[in-house]
Every structure is written in C-alpha cells, then in structure tokens.
Amino acid sequence: MVRVAGMVVLSMMLFLSGCSGKKILASKVVFDGVYCPNHIENMEFHFTKEGNLFIWQTGIYEFAENEEGKPIIRICMDDIKRELPEDYNFSEYLITQEENSVLLTFTTEEFDLDSEPMVLFWLNGEQGFSSDSYFEGTYQIGEDGDSYQYLFHKDGSITMQVTERYFADEEQVTLIDYAGSTKYLYEKSEDTLILKNMQKEPVLTLQQKYEND
C-alpha cells in the first residue's frame with residue numbers, strides 16, 4: 001500500500017532548515033558523535049567537531065510503471081526492517097524528465113496530482129532515471145543549493161542526506177544551511193540531546209549512538 005511516510009520524513013528534515021541569513025561562527029559548544037531520533041531506526045544525525053551536521057535517512061526504492069504505462073519511482077523512507085515487502089510504506093512519484101532536471105510528482109488515490117513536483121538535479125554518478133534499473137548516482141533536491149540530496153545505490157537502497165552547519169552556546173543551538181538559520185533551545189546529557197523551540201517545547205529528542213550499538 002502506498003502511503004505518505006516519505007513525505008512525512010522529508011517534512012521532518014525540512015523543519016530544521018533555516019529561515020534567515022546568518023554569518024557562520026565557530027561553535028562555542030561542540031557536539032561530536034552520532035545521534036538517532038527516538039523510535040526512528042533508519043535516521044542518523046552526525047555532528048562533527050568542525051561544526052558540521054549531516055543527517056542521513058536510509059530507505060529503499062524501485063522503478064515501475066503506472067496503469068497508463070508512465071514511469072514511476074516508489075520510495076520507502078519508513079522503517080524497512082519488515083518481514084514482508086507488502087508491509088513497507090512506499091511513496092509513489094510520477095517521473096517527468098526535463099532537459100536539465102527530473103520532476104517527481106507525488107501521487108496516490110488520496111492526493112491530487114496538481115501538487116508541486118519535487119525537482120531533482122543530477123550531481124554525480126549515473127543519471128539513472130533514463131533506465132528502469134537500480135543505479136549509483138546522486139541528485140540534488142531543489143534548485144537552491146546542494147544541502148538536500150538523494151543518494152541512489154545499485155543494491156536498491158537510497159539515502160536522503162541533509163548537510164548543515166551548527167553553532168551552539170550553553171543554551172541555544174543554531175542550525176544553518178543555504179536557506180539561512182534557525183535557533184533552538186537545547187538540553188544535553190551524557191547520551192541525550194533534546195532540541196526545543198523558543199517556547200521551550202521539545203521538537204526532537206536524539207539518543208547518542210555508540211560503535212557497539
């Protein structure tokens with residue numbers, strides 16, 4: 001059954017993007033390590049000592065045709081550790097190839113095809129949308145910079161990668177990408193990082209992941 005899980009995950013990641021420009025400074029407080037959101041096994045937040053933040057969400061994909069014979073791609077960014085493939089939560093997109101981009105229009109029986117398509121620009125590797133088989137290649141999501149990418153792999157896996165910078169002091173952390181910056185309050189313990197909005201409401205709880213986990 002095709003569901004909206006992929007769109008929910010994308011929205012969750014986009015809420016971290018910035019809304020106003022800000023000069024990047026060296027972080028006063030350093031977060032270093034890999035963190036995972038509670039109850040989401042296939043997403044990781046990689047903080048580095050240099051002030052970088054890489055967010056990785058892994059899933060699977062496959063090419064097919066719809067009832068009209070038009071090419072589609074089905075992407076599952078949900079928990080893919082299921083016993084049966086029919087239990088996976090796929091999001092389905094109609095593929096339209098433009099001269100310099102690929103348009104992915106989200107479509108299910110419950111949603112209108114008039115929704116704005118997702119625009120992908122090829123960055124490196126294979127330009128796999130010209131075939132119907134798994135490929136190794138990277139596409140930028142959207143026109144404004146390469147902070148958001150899809151990494152396609154020949155084994156049928158896919159990674160959504162978000163690249164940001166962070167700046168933290170003792171109370172706040174600012175996440176920065178090409179679009180600008182957004183501030184959060186935070187609480188940090190030995191193995192937990194909680195991001196809160198400016199009304200002190202928790203928006204994301206991260207648990208540190210260790211090598212033996």
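Of all residues in the stretch 50-75, those that are of a type in the set (A, V, I, L, M, F, W, C) and open to solvent by less than 20 Å² (accessible area, probe 1.4 Å) total 5. Scanning the stretch 149-166 for residues that are open to solvent by 20 Å² or more (accessible area, probe 1.4 Å), touching a strand residue (DSSP E or B) at 6+ places or on another chain (Cβ under 8 Å) and assigned to a loop (DSSP other than H, G, I, E, B) gives a single hit, HIS153. Among the polar types (S, T, N, Q), farther than 23 Å from PRO37 by Cβ and outside any loop (DSSP other than H, G, I, E, B), is that true of GLN208? So GLN208 fails the test. Within the stretch 13-49, the set of residues being open to solvent by 20 Å² or more (accessible area, probe 1.4 Å) and modelled with pLDDT of 90 or more comprises LYS28, VAL29, VAL30, ASP32, VAL34, CYS36, GLU44, HIS46, THR48, LYS49.
Could you tell me whether the stretch 137-148 includes any residue that is surrounded by 13 or more Cβ atoms within 10 Å (Cβ to Cβ), without any contact (Cβ under 8 Å) to a residue 60 or more places away in the chain and part of a loop (DSSP other than H, G, I, E, B)? Yes, the stretch 137-148 has at least one match.
Only one residue in VAL119, VAL102 is modelled with pLDDT of 90 or more, open to solvent by less than 30 Å² (accessible area, probe 1.4 Å), within 24 Å of VAL162 (Cβ to Cβ) and not polar (S, T, N, Q). Which one? Unique residue meeting the criteria: VAL102.
Answer yes if at least one residue in the stretch 175-189 is assigned to a loop (DSSP other than H, G, I, E, B) and open to solvent by less than 70 Å² (accessible area, probe 1.4 Å), and no otherwise. Yes: the stretch 175-189 contains one or more residues that are assigned to a loop (DSSP other than H, G, I, E, B) and open to solvent by less than 70 Å² (accessible area, probe 1.4 Å).
So is LEU123 among the aliphatic types (A, V, I, L, M) and under 18 Å from PHE54 (Cβ atoms) or not? Taking the combined requirement at face value, the residue satisfies it.
Checking the stretch 201-212 against the condition returns a match, with at least one residue being of a type in the set (Asp, Glu), at pLDDT below 95, under 16 Å from PHE47 (Cβ atoms) and open to solvent by 50 Å² or more (accessible area, probe 1.4 Å). Checking each residue of the stretch 122-132 against the condition of being surrounded by 13 or more Cβ atoms within 10 Å (Cβ to Cβ), among the acidic types (Asp, Glu) and modelled with pLDDT under 90 gives at least one match.
The values are calculated or read from the model by the stated rules, or taken from the named source; none is laboratory data. These numbers were taken from a predicted model, which means no experiment stands behind them. Every residue, glycine as well, gets a Cβ built from its backbone with ideal geometry; the counts of neighbours run over all protein chains shown. Keep in mind that these areas ignore ligands, DNA and RNA; they rest on the heavy atoms of the full protein, side chains included. Shrake-Rupley method; radii C 1.70, N 1.55, O 1.52, S 1.80 Å.
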